[in-house]
Every structure is written in C-alpha cells, then in structure tokens.
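See structure below.
Any read-out appearing in this document is the output of simple, stated calculations on the displayed coordinates, not a laboratory observation. From a predicted model like this one, the values you see are computed outputs, not experimental measurements. We place every Cβ from the backbone using ideal geometry, glycine too, and count neighbours over all the protein chains shown.
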Amino acid sequence: MIPFLDVKSIQLEQADELKAAFSRVLESGWYILGNEVTQFEKEYADYCGAKECIGVANGLDALILALKALGIGPGDEVLVPSNTYIATWLAISHVGATPVPVEPVIGTSNMDPALLKAALSARTKAIMPVHLYGQPAEMAPIMYFAREHGLKVVEDGAQAHGAKYQGKRLGSHGDAVTWSFYPGKNLGALGDGGAVTTNDSELAERIRVLRNYGSKVKYHNDVIGYNSRLDELQAAFLRVKLPLLDTGNARRSAIAMRYLDGLKDIPGIRLPQVAEGCEPVWHLFVIRHAQRQKLAQHLASQGIGTVIHYPIAPHLQPAYAHLGLRAGALPISESMHAEVLSLPLGPTMSFDDVDAVISAIRQFSVE
C-alpha cells in the first residue's frame, strides 16, 4: 500500500519532541494566548521574513480576519482564482464582499495576471492570489497591478509554507499573507491552526484585536470581534516542527523532480510547470489526465492512494449558484477540475514508492 499522505509517520518522526511540548504546555498552567503562541509568532515571522505574525484558529479565519482588518466588506469585490479551494471564496463572502473569479495560467494553475484588468470594476477593492499546490503565484505583476489601481493584496499561502518568489520566502509580498496549519500541510499542527503574516504593524494590531473578541484589554471591547486564537498546544507543536520544515520541503522537491522526470514522456499526462522566479514546496503534485477517474481506479487497484484537488469548481458549487456563473462560464478552471489528480507525496515517502507510482501510471498508459 502507498498512501496518498502518511500523516501519522510524519508526526511519529518527532514523537518525543511533540510529547515534551505537550508536557511543557500542561505544566505551564497557561493554555490560551500564552508564551508558546508568542514565541511561535516570533519564530514564524522570522522564518517568513515578515515583521509580524498573528496566530489564529484556522486558515479560513486567517483569510476572513485579514480581509476584515483591511476594511473589505459589503459592496466590495475581490479578484480571486477561479480554480482554488472554496475556502478562499468563502472568506470573501463571510465579510460581505463578492468573489470575482480570474482564470489561471494552464501550466502553473495559478491566477493569470494578464486577466486581472478584464475583471476589474469600480467596486474592486482587493486581489487574493492563491499559491496553489505549493507553487508561488506570480506576485510581481500582481503587485504592480494592485498598486496601479489602489488595491489591497491578501495572499492565500495555506499550501506554500517556505516557498520562495524571486529568492524571497512568501510571507510579506502582499499586504497580508494567510496560512493554514491543518495537519496535512507542509507545516502542519496536530489539529487546526492558522496565522497571518504582514509587514504592516497597524494591520497586525487590528487582526490581534479582531481575533480576541475585539478586545485589547480584557472585558473592554473596542470593535465587534471574533474568537479565533491559535491554540497554545498547537503553537507548541508547530515550534517543534518549524525547524524541520526546510528539510521536509527539500524531500518533497526531490520527489517532485523524480515524478517530473519519470512521467515526462507518457502520452495523455499533463505535468505541472514552474513559473520563472518561483521555488515551489510541492505541497501537492498534481497531474492532469482526460481519463482521470479511470487512472485513479487503476492506481487504487494497485494499492496507490490518490486525491482529487478539487472535483468541483467553486462557481459550480450550490453555495455560489447566486452568482449566476453556469457551466462553461470559466472553461479553463472547469477543464482543470475535470482532469486534476494528486499523486502520493510526502516527506516520509520513499523513492521506491515514487518509482512504483510512476511504473503503475506507465502501465495504465499502454493498456
């Protein structure tokens, strides 16, 4: 059996350190917004090259609070990738704004900067690029367009911990960068968790107030806030795992290179491409195939796990029927969602298993 991602083996590699972190928190007697959160925020900000990091409850809350703190709300429009996970769209909706989809570059699957102008309106207030599958979006043209039109930029970095754009780690290219520490992420906790990084100290303070009931001082509420705080225990676990993030990312990259080389000449397989200036961390290795379901079934028959990220485009979900975007409205995104298949990839995966996946795909191609 080759699992899609063996989360258990990843955690057990640092079992002793994680148990020690648990004991440290247990014995501290402080379980909400304590020293572990404070220290993790400092350490992750330093890692990302950002001035500020604010820990929150999960990745969706990170998106919502960043938008809210930037003043995005009812009547506003936010330019968002048409082919992202729906959480990015949901955050926009939760603050009362409207997601306006922008189609991706086919090779990279990331937002196409050349299409931003066509999506712009008098109501556009922000752009939300997603670093999908762990590959950085092309931030230079996105930021140029945003500054030219007075727009805020909130990056969704949930799949891209440690990725670099033009030699600089993601974390502060835009006004804010949001993160998820869901267990399956490159930097994953043992439960939910999220954060926002930024170089804007005033924005960081607004997010800190919003995450804690709108309060700077206990029982004194300045704004209508939320309860969205990174758990002290999860912060302690993340502090254990952060020092090994680059090592895990390097292993993911080596696996991705092996896939790219081993699958490059197989008919019917469309492989991911890397944009110039981008250093992905390969959260996912996503191929495309017109017979995606048959290929997935073939791999499953040989004990190889795969996942479809994501089977339905956001605009075709019932949740967004009110936008009136029917099938055919966003053809690039729709074709991707119909063909994408994520192959097994993780920092504990062996090269023998990678070769077995490649061999199974080759077998499918000749049947």
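Things worth noting here:
- The chain, relative contact order in percent, only Cα pairs under 8 angstrom and at least six apart counted: 22 percent
- Inter-part distance where segment 313-367 and segment 228-292 are each reduced to a Cα centre, Å: 15 Å
- The chymotrypsin sites (Phe, Trp or Tyr not before Pro) of segment 203-268 that DSSP puts in a loop, and whose beta carbon has at most 12 other beta carbons within 10 Å, are 219.
- Inter-label distance, nm, simple model (7 Å from Cα along the C-beta direction), residue 317/residue 202: 3.4 nm
- Under the combined filter of DSSP loop state and at most 10 neighbouring Cβ atoms within 10 Å, segment 244-298 retains these trypsin sites (Lys or Arg not before Pro): 264.
- Segment 65-94 and segment 181-206 have their alpha-carbon centroids 17 Å apart.
- Summary value for segment 97-156: 33 percent relative contact order, contacts being C-alpha pairs under 8 angstrom separated by 6+ residues.
- Per-residue ellipticity at 222 nm from helix content only, as computed over the chain with -39500 (n - 2.57) for each DSSP H run of at least four residues, stands at -12000 deg cm²/dmol.
- Sites residue 246 and residue 291, calculated FRET efficiency, Cβ-Cβ separation with R0 35 Å, nearest 0.05: 0.40
- Expressed as a fraction of 2.2 N^0.38 Å, the value expected for a compact globular protein of N residues, the C-alpha radius of gyration of the chain is 0.99.
- A DSSP coil position with no more than 15 other Cβ atoms inside 10 Å describes the following trypsin sites (Lys or Arg not before Pro) in segment 69-174: 123.
- Overall form of segment 207-302 per C-alpha gyration tensor (a/c, 1.5; a/b vs b/c): prolate
- Projecting the Cα atoms of 69, 96, 45 onto the dipole axis of segment 43-103, where Lys and Arg carry +1 and Asp and Glu carry -1 at the beta carbon, places 96 farthest toward the positive end.
- Positive end of the dipole of segment 187-268 (Cβ unit charges, origin at the Cα centre): among 267, 212, 191, the Cα lying farthest that way belongs to 191.
- Annotation: lysines with alpha-carbon distance below 22 angstrom to residue 264 (same-chain offsets under eight excluded): 294.
- With the cut-off at under 20 Å, measuring from each backbone N in segment 39-68 to a point 7 Å along the Cα-to-Cβ line of residue 224 picks out 61-68.
- Peptides 185-197, 330-342, ordered by how many other C-beta atoms sit within 10 Å of their residues on average, highest first, read 185-197, 330-342.
- Shape metrics for segment 300-367, restricted to C-alpha atoms - Rg then Dmax, Å: 16.5, 48
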